[in-house]
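Right, one structure below, let's go through it.
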Amino acid sequence: MMNNIPLFDRPKQIENRFKADADIVLHHGDVKDFIATVPNNSVSLIVTSPPYNLGKDYEARVSIESYLQTQAEIIKELCRVLKNDGSLCWQVGNFVDNGEVFPLDILYYNIFKQSNLFLRNRIIWRFGHGLHASKRFSGRYETILWFTKSKDYVFNLDSVRVPSKYPGKLYYKGPNKGKPSGNPNGKNPSDIWEVVLKDWEEEVWDIPNVKSNHPEKTSHPCQYPVELIERCVLALTNEGDWVFDPFAGVGSSMIAAIMHNRKAMGCEKEKEYVNATRKRIESYFNGTLKTRPLGTPVFVPTGREKVSQIPDEWKTELPQKRLLEKRRKYK
Ligand SMILES: C[S@@+](CC[C@H](N)C(=O)[O-])C[C@H]1O[C@@H](n2cnc3c(N)ncnc32)[C@H](O)[C@@H]1O
């Protein structure tokens with residue numbers, strides 16, 4: 001269930017500098033220097049999760065103003081390389097300072113508007129697990145801002161339809177009364193995506209260290225799932241188009257692009273992640289890269305898994321038990 005074997009994909013050459021006739025470009029270096037080598041109006045989809053200024057291993061934490069200023073300069077250049085019918089998907093969460101939450105997508109919105117982009121969706125990427133907060137509600141979603149450069153843009157809805165919950169629904173009045181009201185190819189996936197659970201924690205089998213056992217997990221602290229980007233690639237580009245991740249990390253966007261016969265371009269400043277990307281791409285071509293297939297339902301515990309059960313130590317303490325009983329009443 002967890003793998004994806006490319007039966008017919010022959011390995012493609014990975015170039016380390018931009019070449020218009022390349023299939024894959026993976027550059028090790030600073031994004032500002034790299035974008036300068038990419039021609040105007042050449043990329044169909046820019047999709048990324050930029051550094052969040054959280055002080056992760058790969059970033060020095062600076063003031064929010066100075067962080068946004070640097071990002072604004074990069075975004076201006078990204079808009080230059082974006083094709084007129086192209087899209088930009090910016091995946092971000094929150095910047096947290098002294099317990100105060102700054103929603104990055106709100107802070108970024110004006111920067112994109114200054115470049116005259118048009119917002120098409122603010123997609124909620126919802127996940128079930130993560131850190132438990134004690135002074136606010138635990139954060140369980142991040143967003144993807146999907147912008148287009150013009151009003152004439154690629155949107156292949158049919159490539160990303162999902163099964164309808166009620167395919168048997170019929171028109172109850174009008175000229176089509178009695179006929180199916182849905183689409184036989186499935187429904188629009190909507191702007192709330194429950195793709196996979198963040199941080200890979202939700203493989204609730206009895207595996208001691210689930211993070212390291214997730215099929216896609218690498219050493220990168222902030223990887224996003226390939227499946228999340230597959231949907232963007234399929235809906236917003238056509239085969240043979242360039243997909244560019246300016247902050248490529250371990251290459252999840254590049255893999256999503258390659259899997260669907262798009263040209264993949266990525267830039268990353270940390271050598272370790274560039275090497276990991278190269279390895280992941282190579283394992284994709286030799287059929288050993290494991291990814292969670294697009295559209296796999298999110299795991300719902302049956303209640304029989306060890307981790308779903310109340311620990312023996314708590315059985316004499318009633319609060320958790322009461323909570324579960326109460327919850328049942330609401331169903
Ligand atoms: C949030 S991570 C992206 C992770 C990626 N989505 C994945 O799935 O692997 C952001 C990445 O941007 C890289 N980065 C930060 N500033 C950069 C810059 N100026 N030029 C190139 N890469 C940069 C960081 O090293 C980090 O790997």
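Every number here is computed from the coordinates shown, using simple stated rules; none is lab data. Predicted model, so just to flag it, every value in this text is computed and none were measured. Methodologically, a virtual Cβ is constructed for each residue, glycine included, from the backbone with ideal geometry; neighbour enumeration extends over all protein chains shown.
Annotation: peptides 229-240, 27-38, ranked by per-residue average of other Cβ atoms within 10 Å with the highest first, follow the order 229-240, 27-38. Restricting the chymotrypsin sites (Phe, Trp or Tyr not before Pro) of the stretch 104-205 to loop positions (DSSP other than H, G, I, E, B) with no more than 16 neighbouring Cβ atoms within 10 Å leaves PHE137, PHE155, TYR171, TYR172, TRP205. A Cβ-based charge dipole, computed about the Cα centre of the stretch 14-300 with Lys and Arg at +1 and Asp and Glu at -1, lands at about 1120 debye. Listed values for the stretch 85-91 are Karplus-derived 3J(HN,Hα) couplings in whole Hz (6.51 cos²θ - 1.76 cosθ + 1.60, θ = phi - 60°), namely 9, x, 10, 10, 10, 10, 9, and x replaces Gly and Pro.
With θ taken as phi - 60° and the Karplus curve 6.51 cos²θ - 1.76 cosθ + 1.60 applied, the whole-hertz 3J(HN,Hα) list for the stretch 261-275 is 6, 9, 7, 10, 9, x, 10, 8, 8, 8, 4, 4, 6, 5, 5 Hz, x standing for glycine and proline. The amide H of TRP125, built 1.01 Å from its N in the peptide plane, has GLU142, THR143, ILE144, TRP193 as neighbours under 5 Å, considering only residues 5 or more places off or on other chains.
Just list whichever of LYS32/LYS269; LYS149/LYS269; LYS113/LYS187; LYS12/LYS83; LYS113/LYS263 have alpha carbons separated by over 21 Å in the model shown. With Cα atoms farther than 21 Å apart: LYS149/LYS269; LYS113/LYS187; LYS12/LYS83; LYS113/LYS263. Using a simple spin-label model with pseudo-atoms 7 Å out from Cα toward Cβ, ASP191 and ILE106 lie 1.6 nm apart. Taking amide H atoms as placed 1.01 Å from N in the peptide plane, the amide H of SER42 lies under 5 Å from those of LEU82, LYS83, each 5 or more residues away in sequence or on another chain. Between ASP97 and ARG122, the modelled label-to-label distance comes to 2.1 nm, taking each label 7 Å out from Cα in the direction of the beta carbon.
Taking the Cβ of each residue in SER164, SER253, SER138 as the centre, tally the other Cβ atoms inside 10 Å and list the residues starting with the fewest.
On the way: SER164 17, SER253 32, SER138 10.
Ordered from fewest to most neighbouring Cβ atoms within 10 Å, SER164, SER253, SER138 come out as SER138, SER164, SER253.
One decimal place: the segment ASN16-ASP30 gains 3.8 nm when fully extended, by the rule 0.36 nm per residue minus the C-alpha distance. Rounded to whole numbers, the Karplus 3J(HN,Hα) couplings from phi for the stretch 285-293 are 5, 8, x, 10, 6, 9, 9, 8, x Hz, using 6.51 cos²θ - 1.76 cosθ + 1.60 with θ = phi - 60°, and x at Gly and Pro. Between LYS165 and LYS113, the contour length at 0.36 nm per residue exceeds the alpha carbon distance by 15.1 nm. Here r is the Cβ-Cβ distance between PHE285 and ASN156 and R0 is 35 Å; the resulting FRET efficiency, rounded to 0.05, is 0.90. Here each label is just a point 7 Å from Cα along the line to Cβ, and for ASN238 and ALA133 those points are 4.4 nm apart.
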